[in-house]
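Trainee: Provided herewith is a single structure, encoded as structure tokens, for subsequent inquiry.
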Number of protein chains: 2
Amino acid sequence: MVIARLCALLLICVSLCTVSAARAEDGYRLWLRNAPVADAAQQRPGQVVLVGIESPTMILARDELSRGLAELFPGGATGRTTPILLRRVIGPQMREGAFTIASMDQGVAITANSDTGLLYGAFALLRELGQGKALASIRLDEAPAYDLRMLNHWDNPDGHVERGYAGRSIFDWWHLPGHVDARMTDYARANASIGINGVVINNVNARATMLEPRYIAKAKALADTFRPWGIRLYLSARFSAPRDIGGLKTADPLDPAVRAWWKAKADELYSAIPDFGGFLVKANSEGQPGPQDYGRSHANGANMLAEAIGNRGVVIWRAFVYAAENDEDRAKQAFTEFQPLDGKFASNVVVQVKNGPIDFQPREPFHPLFGAMPKTRLSLELQITKEYLGFASHLAFLAPLFEEVLDADTGRSGTVADTVSVIAGVANTGSDRNWTGSHFDQANWYAFGRLAWNPKLPSKQIASEWAAQTFSRDPAFLNAVVPMMLASRDAVVDYMTPLGLAHVMGTGHHYGPAPWVADLDRPEWNPVYYHRADRDGIGFDRTATGSDALAQYAPAVAKRLLADEALLLWFCHVPWDHRLTNGSTLWEELPRRYDRGVATVARMGTTWAGLAPYVDQQRHRAVADFLTIQADEARWWRDASLAYWSSVSGRALPAGHEAPAHPLAWYQAQRFPEAPGQ
Amino acid sequence: MVIARLCALLLICVSLCTVSAARAEDGYRLWLRNAPVADAAQQRPGQVVLVGIESPTMILARDELSRGLAELFPGGATGRTTPILLRRVIGPQMREGAFTIASMDQGVAITANSDTGLLYGAFALLRELGQGKALASIRLDEAPAYDLRMLNHWDNPDGHVERGYAGRSIFDWWHLPGHVDARMTDYARANASIGINGVVINNVNARATMLEPRYIAKAKALADTFRPWGIRLYLSARFSAPRDIGGLKTADPLDPAVRAWWKAKADELYSAIPDFGGFLVKANSEGQPGPQDYGRSHANGANMLAEAIGNRGVVIWRAFVYAAENDEDRAKQAFTEFQPLDGKFASNVVVQVKNGPIDFQPREPFHPLFGAMPKTRLSLELQITKEYLGFASHLAFLAPLFEEVLDADTGRSGTVADTVSVIAGVANTGSDRNWTGSHFDQANWYAFGRLAWNPKLPSKQIASEWAAQTFSRDPAFLNAVVPMMLASRDAVVDYMTPLGLAHVMGTGHHYGPAPWVADLDRPEWNPVYYHRADRDGIGFDRTATGSDALAQYAPAVAKRLLADEALLLWFCHVPWDHRLTNGSTLWEELPRRYDRGVATVARMGTTWAGLAPYVDQQRHRAVADFLTIQADEARWWRDASLAYWSSVSGRALPAGHEAPAHPLAWYQAQRFPEAPGQ
């Protein structure tokens, strides 16, 4: 009778737990779900023991691990258990954050010589166990490849996120500092779990108001929340702030009053936030103020701020520049401007370079500045938010894109990964419940963090790690979902910008295809500037007969890039009848690429439909809906693009390809004034 | 051993449940938490049995009840149980949605002659049980007072919510209709639980694009989701749509082509949404287009749309009008314009009137149109979102405000509640996790629904119902929190607009005090227009010696209003030394009122601090933080207002009142360009 009663209670209790879990599957927990491990036979982790002086970060590490293990092994109190030791040791100099995990006599030990090392070790152990690995088999010896692994938020103080597709800013500026939402802790925790240790909380198109006392108080409240998670806070600084809010008549970086203003502002910041990370600056770019407004160089501007910051932090200065008055190929301008400044920047300046020379396109060659500024600390800027890859609604796993640039041989001093000392990612987080606007975009946040920690991690491993923790560690699920993820970015390239095409999207919002746009004020705003299609051919000649952007690369690299058909139309203007290595003409190949992209998306939909048994209903449905939207939009990209190329080239589609659903004029008439993120 | 093992499992399971529950207390579940009832001795509800033909709504009612009961009585499988019958009967004509709950031989029966009646009955039973009432004691016989109980969302297609303080639109316009977020079901469910049966999904400052096919498809997806919950969808219509998107040269309501366009548009809508509710229209008001642009009357405009809609739905036409060219007292203009049109509106037109003659101020007299248009169906428009009462950060329970207007005797045909046939509330929902931007603002959504169902419900009962379901049914908690809620609106009146003051807030965003503003283009945009303070006195003379707005009320009512010192400065311009009934002069009383408001907020903070044992930590902390923000802002309102009145009157503060923290100029210099909701 007692047993029966207990069993009944247990049943109800279990069913309640299940109900809760089912309800909770809205994506909020990201990859930190710690779904129970099924195999009860394996050695279970026991108590977590802290060895060493307790600090807030170490206590977080212990609590995180205890909670995570209890979730992974809900039956943990029974059977044989192995204690987990968190050991803070004074050991050989390792990079801040490094750790080892190994079995010892007393149990499994996570060892580090820094607080954050223990925190990262704790998350690493949970990650391994979360993939179903046996405790006894886990041996890790890790150190982050870079000191600074950071998110750049393009969030404005009014809550709008530029190029944000996941709702409003996750930072509740309006109620800060009076109220720090519980979500801020979850945000810091998610970052810490993948090793991110710096966040710029506001848009590079910065408002000076962010440097006013009212906003410094808000930043301080956030910094205090992030600190125990090993995360330092940075601010985007508007270069004209001394004029905008400082009451000065100039922002000339060589003006003593301006220098004094920035020094005082830096002191004010450090007084509120002792571990303030520094400034990120977008200057003389797309209308932002900068040192050139006063006839000074980027180095003058950066060094002035670096002096104000001193040895307390860094100044990250963006190399994303192109000027209205400059008719040089836009792809060349950053190199032309910054390469000669190599050696002129102060030691606490980092120059931040986008992965490619244009702007986060689905596929670009790596930026020629990598390897070309050996005396300058460089940061690689990746875009996690999918401004040009279908917003949040398209499934495009970006690790292969990130990997492509990190692994690219610069021909000068190793790969891109070898030439940089900082990695930054433009965040895709927002107020949406699932953080990133879609469930699969969480994978891009995850991939960014993992690659910033270890740029040699293969995309496949990252996809598998993420999918196992986020959805299901069942091999049948992973064997289907990982290849789908790995193919997804190429699919986007195929249906949006095949064969090296770029920048053919809608104006302003960057939503949907618009290769026909030719009427914008500045030449380099127009898609026609990039594809240069006419009756005879298509592509941007960047060889010696054209802009010669190719010459900005090391000669061997230039040769390799020129031979890469995936970048054909990036570097060459070719006739429509240009013969590709596979024997087809360009005009024959183009529709094949578009069709291939559309077909891949259709296949993704089928694959996902078959994975329903492994995923809770709410998330499965949401992903399925988004894949349907993506299929429709992939077809739209294909149809609109082919209709336009057909009209420009005067050629009918090759046989065997379906005609576009509408005439070209229909596509040209579409308007989306309410598109997000603008 | 088996028992021990089971006990251990149970313990873990219970603790996991507790962890889940603790995590889940982010406010998402609103008043529908169904926290377990502690008293296991009482008669427990058993199986839920449907009697009658199953319909989607009846199945929802059954499932909702089953799930709710399982949550309320997690040990429900044990002990004596009473079946619950859901009986759909063909009975005497009752208002759609009516139901009874009574004990019968077979169990407790919820009886109704409509599907929605059963749904409302199911929620009513959960509400009663959720307050801790014994099943056997529950007897209800309810019918809604009005056929139409609706929310008006001021949501734009770009996701911005005008006067929204809870994030972005809850409607994910961008991904509709491809993806209908699971939250849409939870939204419909919350509305159904309090009897709301109509929602206008877009802003009265409407964009014509909402009537285009692309948006009709989105609206259809929402309507399909809302339908089983007994909720009909309505659209705000832009009067100039025939010109904006219809290709016509005019929107003249008497033009045959315009009439044909609207008829075709209505047909298109009904073809997509067979139970489409109708249009809400803001015309010739604050820059919106309307029939007067063509020399036609409001009746001409409304009747033209009513003809297009036919007997399929209604046209709700707002009476909120005041014109730039009109120098008549703004408080009089709606009455002047609409009262003479009584009897001229088609039978399916409803004229929607705001609760007071200005604009949702903390306290206004009721609108003189109530009772003055006996041949016209009227809707009472209340504002749930707190545009003028401190946004989401101030705790102000609005049921007393709503009750005040509903109970007001019009002196013509009963109370305001008696003279209207529709109740509408401007929604306070948004994408924030807790729906309304603050936990206590959920109470205003709840109160609106309950009063629209039964305008005679006392505020105290509503507060108690809500708090018991949302936080804790412990009497010690309720005895403290209910009085706090009931006092909160008067506190706002005291620290913002005491003694009948109105419209003294910041320009545009309406955030914070700005009684000094006098430089805006239109006179009635300026706070000084409303308070008319000078060296000699303060207040707007609306008696016969002034604008005589008082004459728009029935004579007995006018007399009563004139005698109400809570509205003194609304109706009268009086000298600073005017003697009040308590013997004080106005100049003595004003700072007392401000101080009283500030003191009440401080007391609310203390009360809440003492309630920590009854509330989960996350919500308790959030409310406490907001109460601190409110205390600071109440003090700001008091200080800035008194500094200004002091400067205008040339009088020092009476003895015993603290001086403002800053000089007047400091308050006047504050700027909040990033304030939400504008």
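Trainee: For segment A:150-453, rounded, prolate or oblate, judged on the Cα gyration tensor with a ≥ b ≥ c (square roots of eigenvalues), a/c < 1.5 rounded, else prolate if a/b > b/c?
Mentor: oblate
Trainee: Here's something else I'd like to know. How long, wide and thick is segment B:93-227, going by the Cα atoms along their three principal axes, in whole angstroms, largest first?
Mentor: 56, 32, 27
Trainee: Show me, for segment A:378-394, the HN-Hα J-couplings you get by feeding each phi into the Karplus relation (A = 6.51, B = -1.76, C = 1.60, θ = phi - 60°), rounded to Hz, glycine and proline as x.
Mentor: 10, 10, 8, 9, 9, 10, 7, 5, 9, 3, 10, 10, x, 6, 7, 6, 8
Trainee: Using a label point 7 angstrom from Cα along Cα-to-C-beta, what distances in nm, from shortest up, separate A:Asn479 from the other copies?
Mentor: Spelled out, the distances from A:Asn479's label point are 6.6 nm.
Trainee: Provide the convex hull volume over Cα atoms per residue for the protein assembly as shown, in Å³.
Mentor: For the protein assembly as shown, the hull spanned by Cα atoms encloses 196 Å³ per residue.
Trainee: Let me ask another. How big is segment B:389-544 along each principal axis, measuring the range of its Cα positions in Å and listing the largest first?
Mentor: Here the spans come out as 53, 40, 29 Å, largest first.
Trainee: Roughly what % of DSSP beta bridges within the protein assembly as shown run antiparallel, to the nearest 5?
Mentor: Taking every DSSP beta bridge with both residues in the protein assembly as shown, the antiparallel ones total about 25 percent.
Trainee: At R0 = 56 Å, how high is the FRET efficiency between A:Glu658 and A:Ser137 if r is their beta carbon distance? Nearest 0.05 is fine.
Mentor: Plugging the Cβ-Cβ distance into 1/(1 + (r/R0)^6) gives 0.65.
Trainee: For a test of the definition: using alpha carbon positions, the gyration tensor, and the 1.5 limit on a/c, classify segment B:494-669 as rounded, prolate or oblate.
Mentor: Since a/c reaches 1.5 and a/b is larger than b/c, the shape of segment B:494-669 is classed as prolate.
Trainee: Rg/Rh for segment B:151-284 to two decimals, with Rh computed the Kirkwood way over all alpha-carbon pairs.
Mentor: 0.97
Trainee: Enumerate the calculated ³J(HN,Hα) couplings along segment A:79-84 in order (Karplus 6.51 cos²θ - 1.76 cosθ + 1.60, θ = phi - 60°), each rounded to whole Hz, writing x wherever the residue is Gly or Pro.
Mentor: x, 6, 10, 10, x, 10
Trainee: Now for a different question. Which whole number of Å³ per residue matches the convex hull of the alpha-carbon atoms in segment B:508-573?
Mentor: Given the Cα convex hull of segment B:508-573, per-residue volume reads 117 Å³.
Trainee: Shortest first and in nm to one decimal, what separations exist between A:His662 and its copies in the other chains, measuring from label points 7 Å along the Cα-to-beta-carbon line?
Mentor: 5.2
Trainee: Among B:Gly356, B:Leu211, B:Ala188, which residue has its Cα furthest toward the positive end of the charge dipole of chain B, with +1 on Lys/Arg Cβ and -1 on Asp/Glu Cβ?
Mentor: Of the candidates, B:Ala188 comes out farthest on the positive side.
Trainee: Stick to Cα atoms and the Kirkwood definition of Rh, then tell me Rg/Rh for segment A:26-142.
Mentor: 0.96
Trainee: What number comes out for the charge environment of A:Thr497, summing +1 per Lys or Arg and -1 per Asp or Glu over other residues with Cβ under 10 Å away?
Mentor: My count for the surroundings of A:Thr497 gives 0.
Trainee: So if R0 is 41 Å, what FRET efficiency would B:Gln47 and A:Thr606 give, r being the distance between their Cβ atoms, rounded to the nearest 0.05?
Mentor: Taking R0 as 41 Å, the efficiency between B:Gln47 and A:Thr606 is 0.50.
Trainee: I've got another one for you. Which one of A:Gly91, A:Thr585, A:Ala331 is farthest out on the positive end of the charge dipole of chain A, using unit charges on Cβ (Lys, Arg +1; Asp, Glu -1) and the Cα centre as origin?
Mentor: After comparing all options, I get A:Gly91.
Trainee: Further question: Mind checking which helices in chain A clear 18 Å along their axis (Cα) and have mean Kyte-Doolittle hydropathy of -1.0 or more, DSSP H runs only?
Mentor: The qualifying helices are A:2-24, A:56-72, A:115-130, A:213-226, A:256-272, A:475-496, A:586-609, A:617-649.
Trainee: Still on this model: Could you tell me the convex hull volume per residue, in Å³, taken over the Cα atoms of chain B?
Mentor: Spelled out: Cα convex hull of chain B, divided by residues, is 172 Å³.
Trainee: Read phi for every residue in segment B:165-181 and hand back ³J(HN,Hα) as whole Hz from Karplus 6.51 cos²θ - 1.76 cosθ + 1.60, θ = phi - 60°, with x for Gly and Pro.
Mentor: Result, ordered by residue: 10, 10, x, 8, 4, 6, 8, 7, 3, 5, 9, 6, x, x, 9, 9, 4 Hz.
Trainee: With each pseudo-label sitting 7 Å past Cα toward Cβ, what's the B:Asp409-A:Asp548 distance in nm, one decimal?
Mentor: Placing both labels 7 Å beyond Cα along the Cβ direction yields 9.5 nm.
Trainee: Separation between the A:Glu54 and B:Asn205 pseudo-spin-labels, each 7 Å from Cα along Cα→Cβ, expressed in nm?
Mentor: 5.4
Trainee: Relative to the other copies, what are the label-point distances for B:Tyr270, with labels 7 Å from Cα along the C-beta vector, expressed in nm at one decimal and sorted shortest first?
Mentor: Reported distances to equivalent positions: 7.4 nm.
Trainee: Which value, in debye to the nearest 20, describes the size of the charge dipole of segment B:488-626 about its Cα centre when Lys and Arg Cβ atoms bear +1, Asp and Glu Cβ atoms bear -1, and nothing else is charged?
Mentor: Around 380 debye, computed over segment B:488-626.
Trainee: Relative contact order of chain B, please, whole-number percent, based on alpha carbon pairs below 8 angstrom and at least 6 residues apart.
Mentor: About 12 percent, as a whole number.
Trainee: Put +1 on the Cβ of each Lys and Arg and -1 on the Cβ of each Asp and Glu in chain B; which of B:Tyr511, B:Gly656, B:Gly425 then has its Cα farthest toward the positive end of the dipole?
Mentor: Comparing the listed Cα positions along the dipole, B:Gly425 ranks first.
Trainee: I would also like to ask the following. Hey, with R₀ at 22 Å, roughly what FRET efficiency would B:Asn454 and B:Asn479 work out to, going by the Cβ-Cβ distance, to 0.05?
Mentor: Calculated value: 0.35.
Trainee: Quick check for me: using +1 on Lys/Arg Cβ and -1 on Asp/Glu Cβ, what's the dipole size of the protein assembly as shown about its Cα centre, in debye to the nearest 20?
Mentor: 2380
Trainee: On average, how much area does the Cα convex hull of segment A:65-134 cover when viewed from any direction, in nm²?
Mentor: 4.9
Trainee: Quick one: dipole size for segment A:150-453, taken about the Cα centre, charges +1 on Lys/Arg Cβ and -1 on Asp/Glu Cβ, in debye to the nearest 20.
Mentor: For segment A:150-453, the charge dipole is close to 720 debye.
Trainee: So, in Å, what gap is there between the alpha-carbon centers of segment A:303-347 and segment A:433-462?
Mentor: If we compute the Cα centre of each part, the gap is 29 Å.
Trainee: Using modelled amide H (1.01 Å from N, peptide plane; none on Pro or chain starts), what sits under 5 Å from the amide H of A:Gly278, excluding residues fewer than 5 places away?
Mentor: Placed amide hydrogens put A:Leu235, A:Val314 under 5 Å from A:Gly278.
Any read-out appearing in this document is the output of simple, stated calculations on the displayed coordinates, not a laboratory observation. As the structure is a prediction and not an experimental result, all values here were calculated from the model. No Cβ is skipped: glycine too gets one built from the backbone with ideal geometry, and neighbour counts run over all protein chains shown.
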